[in-house]
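Data first, discussion second: the structure below is written as structure tokens.
The values are calculated or read from the model by the stated rules, or taken from the named source; none is laboratory data. In this text the structure is predicted, and so the values were computed from the model without any measurement. With ideal geometry, Cβ positions are generated from the backbone for all residues, glycine too; neighbour counts draw on all protein chains shown. With ligands, DNA and RNA removed, areas are computed over all heavy atoms of the protein, side chains included. Shrake-Rupley method; radii C 1.70, N 1.55, O 1.52, S 1.80 Å.
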Amino acid sequence: GYWYVAGGQVMSMDDAYVEADKVGLSTDVSGIVSQVDVTENQHVDAGRVLYRLDDLPFRLALQRAEAQLGMVRNALDALKANYRDMQAQIKLGQNDVEYFGTESGRQQNLLSAHIASQSTYDTAHRNLRNAQQKLASLNQQLAAIAANLNGDPDGPVEQNPRYLDALAQRDEAARQLAHTVVKT
């Protein structure tokens, strides 16, 4: 059956080789070819530049990515500064709650002894409630800032997910720019 299918010829692979007249080349980024450094049928050595894509859009993308990385770093540094400031405000808020708590207790005792007026006690009690509410609000704001800092406000900016994302985008832009030059 093989003799019939092969047309009566025995095929041998002892001296087989593949000949290619043309080889297609491409890069994984798309763009306009701005320069071709070789000619048709020219012998090229390994590492030789074959062609270049217009790299302007890729350089601009890299600049944008680097700017974004800087903005993310600045934003995270600002958040860290806000966190430290919020901690100081919370310390002041705790002192206020302590003070107004003492004052409210004092005014209550004076009211009970009929030495202070109801109005004076009410003012002291209102000041205590306001200080407690302010402290609660400051603690919520501190928690929100800490969440934006990935729960580690003292950690390095370079380990924050937002920074790592911006860094990856910058690295991808740099990789694409590098791929605008196609070599053998």
Two-site FRET efficiency, Q108 against R162, from Cβ-Cβ distance with R₀ of 45 Å, rounded to 0.05: 0.35
Helix 118-148: inclination vs the chain longest Cα principal axis, degrees, rounded to 10, gives 10 degrees
accessible surface per residue for the chain, probe 1.4 Å, DNA/RNA/ligands not counted, whole Å² -> 71 Å²
If you put +1 on each Lys and Arg Cβ and -1 on each Asp and Glu Cβ, how big is the dipole of the chain around its Cα centre, in Debye rounded to 20? 1220 debye
Please calculate the 1.4 Å probe accessible area of V38, with all protein chains present, and give it to the nearest 10 Å². 40 Å²
First compute the accessible area of segment 29-184 with a 1.4 Å probe, then give the percent of it belonging to carbon and sulfur atoms. 51 percent
Positive-end extreme of charge dipole, the chain - chosen from V97, A173, Q63 (charges on Cβ): V97
Average the reciprocal distances over every distinct pair of alpha-carbons in segment 75-180, invert the result, and give the Kirkwood radius in Å. 17.1 Å
Against the longest principal axis of the chain, how steep is helix 161-178, in degrees 0 to 90 to the nearest 10, with axes from Cα atoms? 20 degrees
Please count, across the chain, the pairs of lysine residues with Cα atoms under 29 Å apart that sit 8 or more places apart or on different chains. 4
Expressed as an acute angle from 0 to 90° and rounded to the nearest 10, what is the orientation of the C-alpha long axis of helix 56-112 relative to the principal long axis of the chain? 20 degrees
Which residues does the label zone of S34 cover in segment 152-184, counting backbone N under 16 Å from a point 7 Å along Cα→Cβ? 174-183
Per 0.36 nm of contour for each residue apart, how much would the distance between Q94 and S117 grow if the chain were fully extended, relative to their Cα-Cα spacing? 5.6 nm
Longest DSSP-loop-exposure-free segment, GluC sites (Glu not before Pro), the chain, at most 12 other Cβ within 10 Å: 41-184
Which stretch or stretches of segment 41-78 have amide N atoms under 15 Å from the point lying 7 Å from L25's Cα along the Cα→Cβ direction? 41-54
Mean residue ellipticity (222 nm) of the chain, computed from DSSP H runs ≥ 4 via -39,500 (n - 2.57), nearest 500: -21500 deg cm²/dmol
Express in whole angstrom the spacing between the alpha-carbon centres of segment 61-110 and segment 131-170. 11 Å
Accessible surface ranking that places the most exposed of M71, M86 first, with a 1.4 angstrom probe: M71, M86
The longest stretch of the chain containing none of the trypsin sites (Lys or Arg not before Pro) that sit in a DSSP loop with at most 15 other Cβ atoms within 10 Å is 49-184
